[in-house]
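Working notes for the structure below.
The values are calculated or read from the model by the stated rules, or taken from the named source; none is laboratory data. Only a predicted model underlies this, so the values are computations on that prediction, with no experimental measurement involved. Counting neighbours? That spans all protein chains shown, and the Cβs are built from the backbone with ideal geometry, glycine included.
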Amino acid sequence: MKNIRCWEYKKCGRETGGSRIHEHGPCPGALSPDVHCWLVAGTMCSGNVEGTFALKYESCIICDYYNKMQESIAKQPRTGSSLFGQYLCRQGLATYDQVIQARSLQVRQNQKIGVLAKKRGMLTDEHVQRILIIQEERLSKFGELAVELGYLTEGQVKELILEQEDNYLFFGEALVQLGVMTETAMFAHLKAFNTIRLQKQLEQEKHRDKPDEQSL
């Protein structure tokens, strides 16, 4: 999936020279070199010009291409959950497909603060759009910018963060929700996995602290 563009997958005809180019012109998603079209503002996924990801979130999460790309992203070993997933596969405790499904469920369910604030009526589309534009320029946290711009109070941001944390779906919980294993089994496997990781870290530290024989 990583080399397939959204317009190639969807066959929407909105790329340069496409069959529907006459309707609104070329889609920004087709013009952008970034395959992550959900991060491109102004795409035409629903037939209308849409905003940034925070504004078109509900359209994205039901898009086949978006979900396929999330599965591809989930295959990339970058986080602790990826390592735990690899451990489960090596031990024969979960299949590779089950691990990918769990990672994809994580991505879909864990919502950003901007999405939560919009759903609760704390922010408008215009507010979210402006914060995201400034965030790209300054690399600041979304909540901090919302307070700085006077859109949210610090109390409201803390409230949203708590809601985000309360609803956060961890990788192991995703496996349980999908019926891959019971909660008791998941915690037992996680404990064994963390024990092995700790042992490896201790071995690495011992090796690092051991003096080099050649230097003696």
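Observations
- Residue 98 being surrounded by 13 or more Cβ atoms within 10 Å (Cβ to Cβ), modelled with pLDDT under 90 and either touching a strand residue (DSSP E or B) at 6+ places or on another chain (Cβ under 7 Å) or within 27 Å of residue 63 (Cβ to Cβ) (or both): no
- Test result for residue 127, over 21 Å from the mean Cα position of the chain (by Cα), under 22 Å from residue 60 (Cα atoms) and in contact (Cβ under 8 Å) with a residue 12 or more places away in the chain: yes
- Test: residue 128 is surrounded by 18 or more Cβ atoms within 10 Å (Cβ to Cβ) and within 30 Å of residue 90 (Cβ to Cβ): no
- Residue ID - modelled with the highest pLDDT, chosen from residues in segment 148-174 that are assigned to a loop (DSSP other than H, G, I, E, B) and within 13 Å of residue 116 (Cα to Cα): 152
- Scanning segment 1-35 for residues that are loosely packed, with under 14 Cβ neighbours inside 10 Å, closer than 18 Å to residue 136 by Cα and not charged (D, E, K, R) yields a total of 1.
- Taking residues in segment 14-35 that are in a loop (DSSP other than H, G, I, E, B) and at pLDDT 80 or above, and partners anywhere that are of a type in the set (D, E, K, R) and surrounded by 17 or more Cβ atoms within 10 Å (Cβ to Cβ), the pairs with Cβ atoms closer than 8 Å and at least 6 places apart or on different chains are 20/14; 26/14; 26/15; 27/14; 27/15.
- Checking each residue in segment 102-147 for being part of a helix (DSSP H, G or I) and under 30 Å from residue 86 (Cα atoms) picks out 102, 103, 104, 105, 106, 107, 108, 109, 113.
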